[in-house]
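Contents: one structure, followed by commentary.
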Amino acid sequence: MCGRTSCHLPRDVLTRACAYQDRRGQQRLPEWRDPDKYCPSYNKSPQSNSPVLLSRLHFEKDADSSERIIAPMRWGLVPSWFKESDPSKLQFNTTNCRSDTIMEKRSFKVPLGKGRRCVVLADGFYEWQRCQGTNQRQPYFIYFPQIKTEKSGSIGAADSPENWEKVWDNWRLLTMAGIFDCWEPPEGGDVLYSYTIITVDSCKGLSDIHHRMPAILDGEEAVSKWLDFGEVSTQEALKLIHPTENITFHAVSSVVNNSRNNTPECLAPVDLVVKKELKASGSSQRMLQWLATKSPKKEDSKTPQKEESDVPQWSSQFLQKSPLPTKRGTAGLLEQWLKREKEEEPVAKRPYSQ
């Protein structure tokens, strides 16, 4: 399942992170629709607005379907046929959509058949792992492995394609496959755009944390095919929906349990066991540099990035397998878990597993 994400980049930086090539091979930046509805957050929950990518053809009938729009949409799909005046009265959970039943449920089958495919953008998503024998759940932050690059300097406005690379620090956003729909209030009013995240069985690397994960589109080709409903059929697009092993994670504080908490601490790593003297991976170093220089409000481009030597040494490689089945030889870890101070249970009600 996927019931909480982070997408905290300022709008202009998020735009540059979504640079792409159109059908003619021209470098482009996606245009925004309703940009004022985007609110950066380290802790996004269902019914909040999140940015999604979709084809321009959904808004302009003569547009090239390879061109992209970014639009904030409500998380939790409201079907176009819903008759109540209040979308919160929807009686079933549409936060996620299981890939194995996507063609069976009307709420998802109908918009999918209309080509209403989108890509949900995020820094990463959170998942909670049950601790055997207790009521505790350990949260994790899950994201794409990052490739370390040269520091790009200040984050400022880019006036030409050749400058985009200089002002975007190459942090790779997580791109999740979704479906959206358009709902019009029965008594009139603004059209509500909403989406659901497609989920699949977890990859091997995440199976100890949770049995489900978002359908992640790994790479520009996959993103392009999923969005381009004008050229790629539903049957072909659904071949892109499968687990990926190209993912990494680290444990985070229980502060993320409450969806009202919106601070960098939601993403900050915590260690579950005593660390050995191991060198942090490049992806880990990159994450901390990124957190140190990004803000969901306003960035100070004059603030220098931390030197590598100042970055705390942490990595998901320090994490051990969870204390789940004892047959995996984790009795020692289970004992360590039981000795830890009891953490706060999530305050906000989380959606059930999809």
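Some notes on this structure:
- Residues in the range 78-105 that are in a loop (DSSP other than H, G, I, E, B) and either among the hydroxyl-bearing types (Ser, Thr, Tyr) or surrounded by fewer than 18 Cβ atoms within 10 Å (Cβ to Cβ) (or both): 15 in all.
- Residue in the range 101-118 that is within 20 Å of residue 8 (Cα to Cα) and at pLDDT 95 or above present: yes
- One residue alone among 33, 11, 23 is surrounded by fewer than 17 Cβ atoms within 10 Å (Cβ to Cβ) and in contact with a strand residue (DSSP E or B) (Cβ under 6 Å, 6 or more places away or on another chain), and that residue is 33.
- Residue match in the range 138-157 (condition: more than 25 Å from residue 30 (Cα to Cα), modelled with pLDDT of 75 or more and more than 21 Å from the chain's Cα centre (by Cα)): no
- Qualifying residues in the range 22-45 (those that are assigned to a strand (DSSP E or B) and of a type in the set (D, E, K, R)) - the one nearest to residue 223 (Cα to Cα): 28
- Residue check, residue 47 open to solvent by 20 Å² or more (accessible area, probe 1.4 Å), touching a residue at least 12 places away in the same chain (Cβ under 8 Å) and of a type in the set (S, T, N, Q): yes
- Where a residue in the range 173-187 is under 19 Å from residue 14 (Cβ atoms) and its partner, wherever it lies, is of a type in the set (Val, Ile, Thr) and in a loop (DSSP other than H, G, I, E, B), with Cβ under 8 Å and at least six apart: 177/241
- Qualifying residue in the range 76-94 (condition: under 20 Å from the mean Cα position of the chain (by Cα), hydroxyl-bearing (Ser, Thr, Tyr) and at pLDDT 95 or above): no
- So residue 53, is it assigned to a strand (DSSP E or B) and farther than 27 Å from residue 257 by Cβ: yes
The values are calculated or read from the model by the stated rules, or taken from the named source; none is laboratory data. Bear in mind that the values here come from a model prediction, so they are computed numbers and not experimental data. All Cβ positions, even for glycine, are placed from backbone atoms using ideal geometry, and neighbour counts span all protein chains on display. What goes into the accessible areas is simple: the full protein's heavy atoms, side chains included, and nothing from ligands, DNA or RNA. Shrake-Rupley method; radii C 1.70, N 1.55, O 1.52, S 1.80 Å.
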